[in-house]
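Take a look at the structure below.
The values are calculated or read from the model by the stated rules, or taken from the named source; none is laboratory data. Everything numeric here is computed off the predicted structure, so don't read it as measured data. No Cβ is skipped: glycine too gets one built from the backbone with ideal geometry, and neighbour counts run over all protein chains shown.
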Amino acid sequence: MSELNVHRMKGPFAVLAALCVSIFVVGTAEYLAAGLLPQIGSDLGVSVAAAGQVVTAYALGSVIAGPLVAIATVRLPRKGLMLALMALFAAGSVVSALAPNFPMLLAGRVISSIGHATFFALALIVATGVARPGQTGSAIAAVASGLTVAGLLGVPLGSALGQGLDWRFPFAALAVLALACLALLAFVLPRVAPRPTSAAAELSVLAKRPVLVCIATTAVGFAGVGVVFTYVAPMLIQVSGFTPSMVSWLLLAYGAGSLLGNLVAGRLADRSVGATLRGVFACLTALLAVLPLAVVHKPTAAAAVLALGLLATATVAPLQSLILTRAGAAPTLAVTANVAAFMLAHAMGSVIGAGVVTAAGLRWTGLAGAVLSAAGLLLSYLAVPRRPAAAPPVERPAASVSGPGG
C-alpha cells in the first residue's frame, strides 16, 4: 500500500494529535522539577540551589545525548525507535519517582533526557511526512504546540500536585502518561522505514554551511527570549510592582499567547519561511529594545509580556521547516541538533541574563535580549536570502503497510 493510503487509513489528524500529546508529556518533564525544588531539597537533604541541578541535568542530558542518539540509531526503523525512546523516558520517570537519594534522582532525570531531542526531532519529521502538500509549517507548529501547552498547563499542574501531595507524585504521573503515549503511538503511527542514509551522510549534512547557519540562528536568536523570560517573574514583581498572584495570571496569558503565536507562525511559514522568520525576529528585537521602558508602568508591562508570549515560540515552525528543507534526505541529526540548539539557547540566555541582572539590574535584561535577537535577525538573512537558490524538495519517508501495532 502506498504512503498516501497508509495516511488515509491512519489519518493525519490522529498522527499529529498523538505526536502533540507525546511532546506535551516529554516537554512537561523538561520544566516540571523547577516548581518542586523546595520539596525535593527538603526531602532529600540538599539545598534548593543544589536541587536545581535536576533541571540542569535534564537540559545537559538532552543537549549532549541528542546528537549521539541520532547518529547511533540512524539505520533503525523510525516507529520502533520512537517507541523505544518513549519507553526510556517512562523508565527514567519511574527512577525519579522512586529515587531514595539525590544522586539517584539525578540519574533518573538523565535517563529521561537521553531521548528528548531525538524524539522531538523524529516527531517533527514524521509530522512533515503526514502533512498535506504546502502545510509543513502548520504540521510542525501543531506538534510543537505540545511543548507550549506543557509550559502553559503541564508545569503549573505538576507543581500543584507536588505541593499538594508529594514531589514524587508528578514524576509517577509522567511515567503513567508516557506509557499511555507509548500505546497511542504504537496504534496510530505508520511504520516508516529508515531512510537510505548513514551516520556519515547525516554528519555530512550537519556540516553544510546552510544547516550550520540555521542552527546558529536558532541558538543565538532564541537566546534573546531566554535572557528575559528567565527573570521575567522577579522583574514584574520588583520593577513593575505586580503582586505574585498577578504575575501568575500574566504568565498564564504569556503561555496562551505562545500557543497562539506558534500556530499562526506555522501557517505563515507555509507561505514564506524567510519572511516569517525575519518578521518574528524584527518584532522581537523591537519589543525587547523597548522593554526597559515598558516595564516601569503596569499597563505597558502587561502589554509587553503578552506581546513577548506571541513572539517567543513563533520562531520554532519557520526554523524547523528551514532545517528540514536544508537537510534534504538526511534530516535526523540536523533536526535533532536544532532541537538541542533551542535548549542550549535557553541555557545561554539564563547565564547572560544572570550577568545583566548582577551588573545592571532586572530592568535591563531586555537590552541584552534585543542584541541577541538582532543577531538572530542578521543570521536569518544568511539562512534564507531574499532570493534563495532553488532548494530540492524535502523527501517524505516511505511508509510500509503494518497493523496498528506494527
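On the given criteria, is Ser204 touching a Pro at 6+ places or on another chain (Cβ under 9 Å) and farther than 20 Å from Gly353 by Cβ? No: the conditions fail for Ser204. Look at (1) closer than 18 Å to Val227 by Cα; (2) surrounded by fewer than 24 Cβ atoms within 10 Å (Cβ to Cβ) and you find that Gly328 fails only one, number (1).
Within region 360-382, residues that are under 26 Å from Pro210 (Cβ atoms) and touching a residue at least 24 places away in the same chain (Cβ under 8 Å) sit with their Cβ atoms under 7 Å from residues that are assigned to a helix (DSSP H, G or I) and among the aromatic types (Phe, Trp, Tyr), at 6+ positions apart or across chains, in these pairs: Ser373/Phe281; Gly376/Phe281; Leu377/Phe281; Ser380/Phe281. Within region 261-279, the set of residues being free of Cβ contacts under 8 Å to residues at least 40 places away in the same chain and under 15 Å from Leu310 (Cα atoms) comprises Gly279 only.
Scanning region 331-361 for residues that are surrounded by 22 or more Cβ atoms within 10 Å (Cβ to Cβ) and part of a helix (DSSP H, G or I) yields a count of 15. Contact map, region 52-65: first residue outside any helix (DSSP H, G or I), second residue crowded, with 17+ Cβ neighbours inside 10 Å, Cβ cut-off under 8 Å, separation 6 or more or different chains; pairs are Gly52/Leu37. Taken over region 107-124, the criterion of being over 18 Å from Phe24 (Cβ atoms) and surrounded by 19 or more Cβ atoms within 10 Å (Cβ to Cβ) is satisfied by Gly108, Arg109, Val110, Ile111, Ile114.
Look at region 171-182: where a residue is under 13 Å from Thr28 (Cα atoms) and a partner is of a type outside the set (Gly, Ala, Ser) and part of a helix (DSSP H, G or I), sitting 6+ places away or on another chain with Cβ atoms under 7 Å, you get Ala173/Leu161; Leu174/Val25; Leu174/Thr28; Ala175/Val94; Leu177/Val25; Ala178/Val25; Ala178/Met86; Ala178/Phe89. Given the conditions (1) free of Cβ contacts under 8 Å to residues at least 12 places away in the same chain; (2) under 26 Å from Ile71 (Cα atoms), report the number of the one that Ile237 does not fulfil. Unmet for Ile237, out of (1) free of Cβ contacts under 8 Å to residues at least 12 places away in the same chain; (2) under 26 Å from Ile71 (Cα atoms): (2). From the list Ile71, Ile40, the lone residue that is surrounded by 19 or more Cβ atoms within 10 Å (Cβ to Cβ), at pLDDT below 90 and over 19 Å from the mean Cα position of the chain (by Cα) is Ile40. Take region 82-106 and flag every residue that is under 21 Å from the mean Cα position of the chain (by Cα), buried (at least 20 other Cβ atoms within 10 Å of the Cβ) and among the small types (Gly, Ala, Ser). Ala90, Gly92, Ser93, listed by residue number. The residues on offer are Thr56, Thr136, and the sole one that is of a type in the set (S, T, N, Q), in contact with a helix residue (DSSP H, G or I) (Cβ under 9 Å, 6 or more places away or on another chain) and buried (at least 19 other Cβ atoms within 10 Å of the Cβ) is Thr136. Against the condition under 20 Å from the mean Cα position of the chain (by Cα) and over 16 Å from Ala178 (Cβ atoms), how does Ile140 come out, does it pass? Here the answer is yes, as Ile140 does meet what is asked. Taken over region 240-260, the criterion of being touching a residue at least 12 places away in the same chain (Cβ under 8 Å) and either among the acidic types (Asp, Glu) or under 13 Å from Lys298 (Cα atoms) (or both) is satisfied by Ser240, Gly241, Phe242, Val247, Leu250.
Among the residues of region 205-235, those identified as in contact with a Lys or Arg (Cβ under 9 Å, 6 or more places away or on another chain), over 15 Å from Arg278 (Cα atoms) and not charged (D, E, K, R) are Val205, Pro210, Val211, Met235.
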